Amino acid sequence: MDTEHEPEAAHRPLRKPLALVNARLIDPASGLDAFGGLLIAGGTIADLGMHITEGSVEGAESLDCGGRTVAPGLIDMMVFCGEPGHEHRETLATASSAAAAGGVTTICCMPNTDPVIDDVALVDFVLRRARDTALVQVHPMAAMTRDLKGEEIAELGLLRDAGAIAFTNGKSSVANAKIMRNVLAYAKDYGALIVHHLEDPALAEGGVMNEGEVATRLGLRGIPTEAETIVLDRDIRLVELTGGRYHAAQISCRASLDVIRSAKARGLPVTCGVSINHLTLNENDIGPYRTFFKMMPPLRTEDDRRAMVEGVASGDIDVIVSAHDPRGAEGKRRPFAEANDGAVGLETLLGAGLRLYHNGEVTLHRLLSALSARPAELLGLSGGRLVKGAPADLVLIDLEMPWTVAREDLRSKSTNTPFDEARFEGRALVTFVAGRPVYHYG
Amino acid sequence: MSIAAEAPTPAFPHRHLLGIEGLTREEILSLLDLSEAAAAQSRQVDKKSNVLRGRTLINLFFEASTRTQSSFELAGKRLGADVMNMSIPTSSIKKGETLIDTAVTLNAMRPDLLVVRHHAAGAVELLSQKVDCSVINAGDGSHEHPTQALLDAMTIRRHKGRFEGLTVAICGDIMHSRVARSNILSLNTLGARVRVVAPSTLLGEAVDRLGVEAFTSMRDGLRNADVVMMLRLQRERMVSSLIPSQREYFHFYGLDAEKLAFAKDDAIVMHPGPMNRGVEIDAQTADGPRSVIREQVEMGVAVRMAVLQALARHLPNE
């Protein structure tokens, strides 16, 4: 038995209504940015506005937010969790605990598990484990091809009915254009979203970081940005052919942003995400072979990073993900070329994202939208909004609070963060899932 | 006799030699001066000194090597150290023991100097963080091979007497070559002009950003060169379609008398070995009067003696 968390309690609504008063209410989807209060009852947002004040609702407890921000809880479309199969790296319980501490109220867990989530029983398993052990909402993304091999289409219809929120090929691109075409066409019948990793396997073969001067100096094999854009270009033509809903899981370079912009301009059902790492770090951060900065797609140049920030600011990049990928010492304390890709990110997603806001590069609304409202829209979730009747998945944010990331304090089972000792401004103070506080800072 | 008595005491401030990167001109020159003394010592009847008496040197080679390993072994022995060779084939690493495990195990045996070759770039630096002794990089992946660059610099200085104003053409598989990287860094630091010559598939991305001029033709790349440095071409480059065939490669990039004629009349020919005769260099040129390849091997021992000695000064004495 897992005794780390009270089973099921996480999703049971509080009996007594709770009023969050004296707050700055931000709903990025509607543009609402107003002072007032918000009433939580029965796990949902019962009411909100100026009229919700301390004592205004009979029988309700109240929490004075001291003017701090209440926003929809973050929705993270890319979380690699070790369950099932790699529980030593992360479980749904530990990932969700990390999420709660980062103000993330919904995580989509990727199918790169052992066994792969390509079967109804596995979707069911994840949902049950989440119900029993997780502090936040968990939605499995299922494999779009069997065993993620890119050869045979998975049972998309049955998987969707079982609760798969979207379909993806995890960390690999489907190299075969015919399979990709069929996946997009078939998924369209179910209105399912296809979330695709972009990396031409042949062009990227043997590469461990961005191709260019830094890789040449370090004597490491590079991955050209074309490994990403070639797959993206192809996929967009297939979207044009099939009409399937397509989401590029993560883009990492300016050239990809241009491709996305032109696809959107043509009215195609194309969206894309970017990881928080590619918004705040670049290839130079690798320094002397620091493996915590090894990720896929690789960190690119500073110009590419800026393009990613511009893309979020303009709304051409829809979603920011943590790309949370827990890796232990056995995978990271190795020579760079032999080390695992990936970085944890659930607990640092908001703090790192707020850097863009404090630098004046992205407005607060745009940032929070990419972290909540837009992913909710793409996934068809009712969360990500501050409106009456929406689930009370919320985060109370202190936008100014300075804090320093300390690896040893992370709640994730693996602590491979590229932000160790980073100074952030702003963090989650209280996280609510279905109206229940699941995290309190301090 | 001790070579330390003859040579000026160099101020070499580093605990490890992980690469040429980060070394100053003065530090490189001081190592070369120390190497000259070591070369003299090696030409005597009694080649042995006791500078490293009581010290333990471990040669840890994760990648097969004959000449570098024996060169370090001889260097250590000539200075009076106890030398142990450990060759760890890649297969046994794959069985589960990580590089860090190996490092921790070796560290417990209390070596004073650890010479490491590994197939992954950055591996030697990673290992150096886990041990208490001085670490010397004997080649890490496609990254650096600092003692090779030092012995090349020493050989060049013995023939040309200077570095400023010299044009050095490094030819061949630049992209995968740690020898090329270390030489580019060292020769640039010493004031030479460095060119690289290779087909585009073997040049490497953004190589011009390393402070070299890149050429894809031997005629242009070798024109008026003072030094022609050839690199070894590995057979696997053909398998991965970087070049079409051995004979095509030799035709366009193999060094022979005809291509060497583009260089200055007194240009010297170098090769880090082992050579593929008929692939990157023909036999007449390799053994010809302008070849200094055998001298490079001799200087290799001298340079490694100098490095061991320079680093040993940082070892604790009680």
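Listing for the model above:
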quantity	calculated
Of all residues making up the range A:172-202, the number that are in a loop (DSSP other than H, G, I, E, B) and within 20 Å of A:ILE251 (Cβ to Cβ)	8
Near pairs, Cβ below 6 angstrom, 6+ apart or cross-chain, from the range A:73-96 (surrounded by fewer than 22 Cβ atoms within 10 Å (Cβ to Cβ) and assigned to a loop (DSSP other than H, G, I, E, B)) to any residue that is among the aliphatic types (A, V, I, L, M) and at pLDDT 95 or above	none
Residues that are in contact with a Leu (Cβ under 7 Å, 6 or more places away or on another chain) and among the basic types (Lys, Arg), drawn from the range A:313-346	A:ARG334
Neighbours by Cβ (under 6 Å, 6+ apart or cross-chain): first from the range A:211-239, more than 14 Å from chain B (Cβ to nearest Cβ); second assigned to a loop (DSSP other than H, G, I, E, B) and among the aliphatic types (A, V, I, L, M)	A:GLU228/A:LEU198; A:VAL231/A:LEU198; A:LEU232/A:LEU198; A:VAL239/A:LEU268
1 or more residues among the β-branched types (Val, Ile, Thr), touching a Phe, Trp or Tyr at 6+ places or on another chain (Cβ under 7 Å) and modelled with pLDDT of 95 or more: qualifying helices (runs of 4 or more DSSP H) within the range A:203-304	A:226-242
Matching strands (runs of 3 or more DSSP E) fully within the range A:1-51 where at least 3 residues are surrounded by fewer than 17 Cβ atoms within 10 Å (Cβ to Cβ) and modelled with pLDDT of 95 or more	A:32-41
Those residues of the range B:174-215 which are touching a helix residue (DSSP H, G or I) at 6+ places or on another chain (Cβ under 7 Å) and of a type in the set (Lys, Arg), in sequence order	B:ARG195, B:ARG209
Pairs, first closer than 8 Å to B:ARG195 by Cα in the range B:210-225, second of a type in the set (D, E, K, R) and surrounded by 19 or more Cβ atoms within 10 Å (Cβ to Cβ), C-beta under 8 Å, six or more apart	B:VAL212/B:ARG195; B:GLU213/B:ARG195; B:ALA214/B:ARG195; B:PHE215/B:ARG195; B:GLY221/B:ARG195
Selection from the range A:98-151 of residues that are assigned to a loop (DSSP other than H, G, I, E, B) and among the polar types (S, T, N, Q)	A:ASN112, A:THR113
Total residues in the range B:42-77, condition more than 30 Å from B:ALA120 (Cβ to Cβ) and aliphatic (A, V, I, L, M)	2
Index of the failed condition, A:ASP76 passing every other in (1) more than 18 Å from A:ILE40 (Cα to Cα); (2) more than 20 Å from the chain's Cα centre (by Cα); (3) of a type in the set (Asp, Glu)	(2)
Contacts under 7 angstrom Cβ, first residue in the range A:124-137 being on the phi < 0 side of the Ramachandran plot, partner part of a helix (DSSP H, G or I) and among the hydroxyl-bearing types (Ser, Thr, Tyr), 6 or more apart	A:ALA134/A:SER96; A:LEU135/A:SER96; A:LEU135/A:SER97; A:VAL136/A:SER96
Helices (runs of 4 or more DSSP H) enclosed by the range B:11-111 - at least 1 residues per element that are over 28 Å from B:PHE163 (Cα atoms)	B:67-78, B:90-94, B:99-108
Elements of type helices (runs of 4 or more DSSP H) in the range B:249-318, at least 3 residues being under 22 Å from the mean Cα position of the chain (by Cα)	B:283-287, B:293-312
Residue count for the range A:172-187, restricted to those that are crowded, with 19+ Cβ neighbours inside 10 Å and among the basic types (Lys, Arg)	1
The range B:180-229, residues that are more than 19 Å from B:GLU27 (Cβ to Cβ), among the small types (Gly, Ala, Ser) and in contact with a Lys or Arg (Cβ under 8 Å, 6 or more places away or on another chain)	B:ALA214, B:GLY221, B:ALA225
Residue, nearest to the other protein chains (Cβ to nearest Cβ), within the range B:97-114, restricted to residues that are of a type in the set (S, T, N, Q) and surrounded by 13 or more Cβ atoms within 10 Å (Cβ to Cβ)	B:THR98
Residues of the range A:108-121 satisfying the condition of being in contact (Cβ under 8 Å) with a residue 12 or more places away in the chain and in contact with a helix residue (DSSP H, G or I) (Cβ under 9 Å, 6 or more places away or on another chain)	A:CYS108, A:CYS109, A:PRO111, A:ASN112, A:THR113, A:PRO115, A:VAL116, A:ILE117, A:ASP118, A:ASP119, A:VAL120
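Residue by residue, here is whether (1) touching a strand residue (DSSP E or B) at 6+ places or on another chain (Cβ under 8 Å); (2) buried (at least 18 other Cβ atoms within 10 Å of the Cβ); (3) within 14 Å of another protein chain (Cβ to nearest Cβ) holds:
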residue: B:PHE12; (1), (2), (3): no, yes, no
residue: B:HIS16; (1), (2), (3): yes, yes, yes
residue: B:ILE20; (1), (2), (3): yes, yes, yes
residue: B:ILE28; (1), (2), (3): no, yes, no
residue: B:ALA37; (1), (2), (3): no, yes, no
residue: B:GLN44; (1), (2), (3): no, no, no
residue: B:ASN50; (1), (2), (3): no, no, no
residue: B:ARG55; (1), (2), (3): yes, yes, no
residue: B:SER65; (1), (2), (3): yes, no, no
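Yes/no per residue for (1) part of a helix (DSSP H, G or I); (2) touching a helix residue (DSSP H, G or I) at 6+ places or on another chain (Cβ under 6 Å); (3) more than 14 Å from every other protein chain (Cβ to nearest Cβ); (4) touching a residue at least 24 places away in the same chain (Cβ under 8 Å):
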{"residue": "A:PRO326", "(1), (2), (3), (4)": "no, no, yes, yes"}
{"residue": "A:GLU330", "(1), (2), (3), (4)": "yes, no, no, no"}
{"residue": "A:ASP341", "(1), (2), (3), (4)": "no, no, yes, yes"}
{"residue": "A:GLU347", "(1), (2), (3), (4)": "no, yes, yes, yes"}
{"residue": "A:GLY353", "(1), (2), (3), (4)": "yes, yes, yes, yes"}
{"residue": "A:GLY360", "(1), (2), (3), (4)": "no, no, yes, no"}
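The values are calculated or read from the model by the stated rules, or taken from the named source; none is laboratory data. Owing to the predicted nature of the structure, the values given are computational and were not obtained by experimental measurement. Every residue, glycine as well, gets a Cβ built from its backbone with ideal geometry; the counts of neighbours run over all protein chains shown.
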